[in-house]
Amino acid sequence: MPDLHKEVNFETEICEHLAAYGWLYALGDAASYDRTRALFSEDVLAWVKDTQPRAWQALEKNHGAQAGDVLLGRLRDSINQRGTLDVLRHGIELIGLRQPLTLAQFKPALAINPDILSRYAANRLRVVRQLRYSLHNENAIDIGLFLNGIPVATAELKTDFTQSVEDAIDQYRFDREPRPKGQGTPEPLLSFPNGALVHFAVSNSEVYMTTQLAGAATRFLPFNRGNHGGAGNPAYSPSPRPSPVEGEGATPRAPSGAGGEGEQYGHRTAYLWEDIWARDSWLEILGRYLVAQKDRKNQIKNIIFPRFHQLDGTRKLLAAVLQEGAGGKYLIQHSAGSGKTNSIAWSAHFLADLHSATAPCVALPSASMQSNAAHEKLFDTVLVVSDRNVLDSQLQEAIFDFERTAGVVATIKGESASKSGELAAALSGGKKIVVCTIQTFPFALKAVQELAATQGKRFAVIADEAHSSQTGEAAAKLKAVLSAEELQELSDGGEIGTEDLLAAQMANRSAESGITYVAFTATPKAKTLELFGRRPNPDLPAGADNLPAPFHVYSMRQAIEEGFILDVLKNYTPYKLAFKLAHDGKELDDKEVERGEALKGIMRWVRLHPYNISQKVQVVVEHFRENVAPLLNGKGKAMVVVGSRLEAVRWRLAIDKYIQENGYKIGTLVAFSGEVTDPQSGADPFSETSRAMNPSLKGRDIREAFNTDDYQILLVANKFQTGFDQPLLCGMYVDKRLAGIAAVQTLSRLNRAYQGKDTTYVVDFVNDPEDILAAFKTYPD
């Protein structure tokens, strides 16, 4: 039996594949690596000599035989000062040179300049194996990846026959210290942000990555494709591509050797070196996707490297838009925990730069072919709607980071007297991206529809999951797309979302060739799927075997299995079941009812009558004190979901009374829209800002106040059941009928991950657990 399980063979296979597809590779070339500078010096010098000969001649004239050392020393100093990513993208300055020396050439949005194309083709990608990197020992990293001599990635490999990907992760955490103990000098290759940009832990079956090594505290993220809706990777399937060595049009060949356990054709992780590290793909990731986030002191605090589904989703979106042209509709179903803010920012940035002759991650056509193409900009403006009443600053900052150019992004907050005036100025003022709130969205959508119809302008509209209690002129149209229950909630201060607004605007409109719609949502409604989904056979009407489906999916199940969100059904406890069991006098054990500590924790309270608010309040407060409050080092918070604004008022008064009577130190808030009149509770109308409801709010936004240590329990009525991210939420008490998407969205307020958070509790007073489970099964994969 061949030694396919040996790590050295795995390493050889990867390196030989890269060498066959345009990477530089030679056995023993690790000896040419400069450990002190963390550079592959001969590639740095070869790149400069080949692409900037006049600059090299000037360096030789000024420094003679020392020109190479001067260049390499200046390069390392610049990387130390500014970080690897900035140097790769913006080059370095040297005394005696009139302009910065470029260290790489990335493909621009409009690649028609023959000189740029020539430099792009000249990029030297090199793979080095058994890279002895350390200044202090002879440790060797399995694989190092370089761009023009500058390190951009490392990889530790493990074969599943002997070790797992966790062993590669542990090797980085415990044997690849950026600053070894007892040593005053850091390791240049492993340092952040002036070393390699990303580090991969790779086995035959899984890939993980990190952009910042920090010893035992290093956090690795999965970089897996997903396996039938769950975590991991599917069985290997070779990608169709000709080898440059074999020539265009040659039959694609599968990689040499076999791989993952029980697989016939290759490794489950072959996509990493066959697709991700392919020349055009890898250069695009380095040039366009990576983002350096800075702190208030302008120091790099983090580097964003896209997760696989983000890379896959945005690339497939661009490819589809290019192929289909403007006017398409795309539904991106990405779960909570998917990093949606960055996905939206990448999508906005790339769509704003998209030209009709641009093709992401495909072989570059010849310069003559490109010069004959139209190179038409596909969209005049990209419109993005963010969530919340206040513009999501994270989304705005991400777009600015990706754009890297001031003045191309406009934010419409609707603060001036004329929303339409603000929009007209932005849409006609050459802004590539316009960001608006959901309150402004109906005006913005109407504006782009009119401009598309009357002036032939083309727009991309990216709609995030956003919710607001405002209805405005869209109220009448909403009746056609909302259910009776949703309309009832809306009349009681409920919220509407971008999905509803889009459906209302589009329900009675014919196809609009000038507007491309991209909707991001974790839990699409049936109407959204109908409007935006894609039927497997578009020539046939929708049916049981031809149902509309999302364009791209990152499932709730995968997010849970990868650890980005929690499974909120794990400790779901229907109060009716607990009450019944207690009154039958049965002892609870794991064999009878698999609820574990979540159910046992409330058993002392199940004899309370379940329908009286004051008694439910006692259940909530005491269960919270015993089970939820101690979580997260005493920072655990809870949400109480009630059925109406009137109930919210009475719950608020009852819970405040109970807490005061018992001398507990628990801060509570209540959230609902508008005013409620309840003579039984008080003569004056009640609102969020009433002294009887939230006396210590003092003008603060409820989200902001609840994020402090002053408040632990939040009561909500038709508000904050969607689009509310508070990672400290560990408990939920449901006293409201929930069905379908509302059940999923409401309970999912608990699923946000947080350091040390591994438990959530749901106590449901009114719903049937089978109904709740059925609702979640609607979004399994």
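The values are calculated or read from the model by the stated rules, or taken from the named source; none is laboratory data. All values reported here derive from a predicted model rather than from experimental measurement. Neighbour counts are summed over all protein chains in view; Cβ atoms, including those assigned to glycine, are modelled from backbone coordinates with ideal geometry. Please note that ligands, DNA and RNA were not included when accessible areas were found on the heavy atoms of the full protein model with its side chains. Shrake-Rupley method; radii C 1.70, N 1.55, O 1.52, S 1.80 Å.
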Scan of the range 182-217 for residues that are open to solvent by 10 Å² or more (accessible area, probe 1.4 Å), in a loop (DSSP other than H, G, I, E, B) and out of contact with any Gly (no Cβ under 9 Å at 6 or more places or on another chain), ordered by number:
G182, Q183, G184, T185, S191, T211, Q212, A217
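Table: residues versus (1) in contact with a Leu (Cβ under 9 Å, 6 or more places away or on another chain); (2) under 25 Å from Y572 (Cα atoms); (3) surrounded by 18 or more Cβ atoms within 10 Å (Cβ to Cβ); (4) among the aliphatic types (A, V, I, L, M).
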{"position": "K637", "(1), (2), (3), (4)": "yes, yes, yes, no"}
{"position": "V642", "(1), (2), (3), (4)": "yes, yes, yes, yes"}
{"position": "A648", "(1), (2), (3), (4)": "yes, yes, yes, yes"}
{"position": "R652", "(1), (2), (3), (4)": "yes, yes, yes, no"}
{"position": "E661", "(1), (2), (3), (4)": "no, no, no, no"}
{"position": "S673", "(1), (2), (3), (4)": "no, no, yes, no"}
Quick one: count up the residues across the range 222-278 that are in contact with a Ser or Thr (Cβ under 6 Å, 6 or more places away or on another chain), farther than 11 Å from E206 by Cα and modelled with pLDDT under 95.
1
Positions within the range 723-733 being modelled with pLDDT of 95 or more and surrounded by 21 or more Cβ atoms within 10 Å (Cβ to Cβ), in sequence order
L729, C730, G731, M732, Y733
Output for Cβ contacts, cut-off 8 Å, separation at least six or different chains, first residue at positive phi in the range 440-462, second of a type outside the set (F, W, Y), reads G456/G514
If we keep only residues of the range 119-144 that are among the polar types (S, T, N, Q) and either touching a His at 6+ places or on another chain (Cβ under 8 Å) or touching a residue at least 40 places away in the same chain (Cβ under 8 Å) (or both), then the residue surrounded by the fewest Cβ atoms within 10 Å (Cβ to Cβ) is N137
Among strands (runs of 3 or more DSSP E) completely within the range 283-335, the ones holding 1 or more residues that are among the aromatic types (F, W, Y) and either in contact with a helix residue (DSSP H, G or I) (Cβ under 7 Å, 6 or more places away or on another chain) or within 30 Å of R535 (Cβ to Cβ) (or both) are 329-334
Going by the conditions given, is D710 assigned to a loop (DSSP other than H, G, I, E, B) and either farther than 22 Å from P524 by Cα or modelled with pLDDT of 90 or more (or both)?
yes
Checking K570 against (1) surrounded by 15 or more Cβ atoms within 10 Å (Cβ to Cβ); (2) at pLDDT 85 or above; (3) within 23 Å of the chain's Cα centre (by Cα), the condition it does not meet
(3)
Cβ pairs under 7 Å, 6+ apart, first in the range 670-688 and free of Cβ contacts under 8 Å to residues at least 12 places away in the same chain, second aliphatic (A, V, I, L, M)
G682/A692; P685/V676
Inside the range 731-781, the number of residues satisfying the requirement of being over 22 Å from K340 (Cα atoms), assigned to a strand (DSSP E or B) and either among the β-branched types (V, I, T) or within 23 Å of the chain's Cα centre (by Cα) (or both) is 3
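Would you call A65 among the aliphatic types (A, V, I, L, M) and out of contact with any strand residue (DSSP E or B) (no Cβ under 9 Å at 6 or more places or on another chain)?
Working: among the aliphatic types (A, V, I, L, M): yes; out of contact with any strand residue (DSSP E or B) (no Cβ under 9 Å at 6 or more places or on another chain): yes.
Taking the combined requirement at face value, the residue satisfies it.
Going by the structure shown, is A104 surrounded by 14 or more Cβ atoms within 10 Å (Cβ to Cβ) and outside any loop (DSSP other than H, G, I, E, B)? Quick ask: steps written out before the conclusion?
Working: surrounded by 14 or more Cβ atoms within 10 Å (Cβ to Cβ): yes; outside any loop (DSSP other than H, G, I, E, B): no.
Criteria not met by A104.
Scan the range 151-165 and give yes if some residue there is closer than 20 Å to G83 by Cβ and open to solvent by 10 Å² or more (accessible area, probe 1.4 Å), otherwise no. Spell out how you get there, then give the answer.
In the first step, residues of the range 151-165 are kept if they are closer than 20 Å to G83 by Cβ; the result is 151-154.
Now narrow it down to the ones that are open to solvent by 10 Å² or more (accessible area, probe 1.4 Å): none.
No, because not a single residue in the range 151-165 is closer than 20 Å to G83 by Cβ and open to solvent by 10 Å² or more (accessible area, probe 1.4 Å).
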